[in-house]
1. Taking neighbour counts of Cβ atoms within 10 Å as a proxy for exposure, in what order, fewest first, do 192, 124 appear?
2. Using 7 Å Cα-to-Cβ label points, what is the residue 202/residue 173 separation (nm, one decimal)?
3. Rounded, prolate or oblate: which fits region 100-197, taking a ≥ b ≥ c as square roots of the Cα gyration tensor eigenvalues, rounded meaning a/c under 1.5, else prolate when a/b beats b/c?
4. Given a Förster radius of 25 Å and the C-beta distance between residue 180 and residue 40 as r, what FRET efficiency does 1/(1 + (r/R0)^6) yield to the nearest 0.05?
5. For residue 99 and residue 211, calculate 0.36 nm times their separation in residues minus their Cα-Cα distance, and state this gained length in nm to one decimal.
6. As a test, work out the antiparallel percent of DSSP beta bridges whose residues both lie in region 109-208, rounded to the nearest 5.
7. Against the longest principal axis of the chain, how steep is helix 90-102, in degrees 0 to 90 to the nearest 10, with axes from Cα atoms?
8. I need the shape label for region 166-218. Rule: rounded when a/c is under 1.5, else prolate if a/b > b/c, else oblate, with a, b, c from the alpha carbon gyration tensor.
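No lab work stands behind these numbers, since they all come straight from the coordinates. What you see is a predicted model; the values in this text were computed from it and never measured. A quick note on method: Cβ atoms are made from the backbone with ideal geometry, for glycine too, and the neighbour counts reach across all protein chains shown.
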């Protein structure tokens, strides 16, 4: 199975991608990790991507797709792969489909972890950090034993500007503006399956795995 995993910031996509990869033996391809690996290896594509990133520019879709095609040609992708973090836009999705088609391949299934905006904001804006030892907390999922104090050193907890509700809302606005056309595209192609993302981590994982296994049977 060749699968794409979609989910807004805070939906738990990264956690679920790791679980699915481990349990089903699918290669986990995270676009962010792929960029770093290509740059560390000193490859031609890595060097090209680096020139854009150093200027604060987006890496062209053509370069990213070429990186992904190179990655899925690796032996560990023979049983299938799970794309995490790409595509992000409709243009990227079309470029990926075209490139895969030229190699006689295609995306089999697109899983969208759906979480309400209210819940996403609750998760994203719940992050706090200890001023002394930098230990991370989340008032929703990993709260300190004593409100406002670090469990380890007793230091004061504070919230970074990037973790505020206002910043989280802006991140989500950008994500949904880019992703809604993507969701419509894959829905029209008959490949999208929505998964309820407000359950427990294990329940969501089971639903995702069931959808993939159903796709294999189909």
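1. Exposure proxy ranking, most exposed first: 192, 124.
2. In this crude spin-label approximation the distance works out to 4.0 nm.
3. Working: a/c = 3.07, a/b = 2.67, b/c = 1.15.
Because a/c hits 1.5 or more and a/b exceeds b/c, region 100-197 counts as prolate.
4. Working: r = 34 Å, r/R0 = 1.37.
After rounding to 0.05, the efficiency reads 0.15.
5. The span from residue 99 to residue 211 would gain 37.8 nm if fully extended.
6. Numbers: 7 of 12 bridges.
For region 109-208, the DSSP antiparallel bridge percentage is about 60.
7. Approximately 40 degrees, to the nearest ten.
8. oblate
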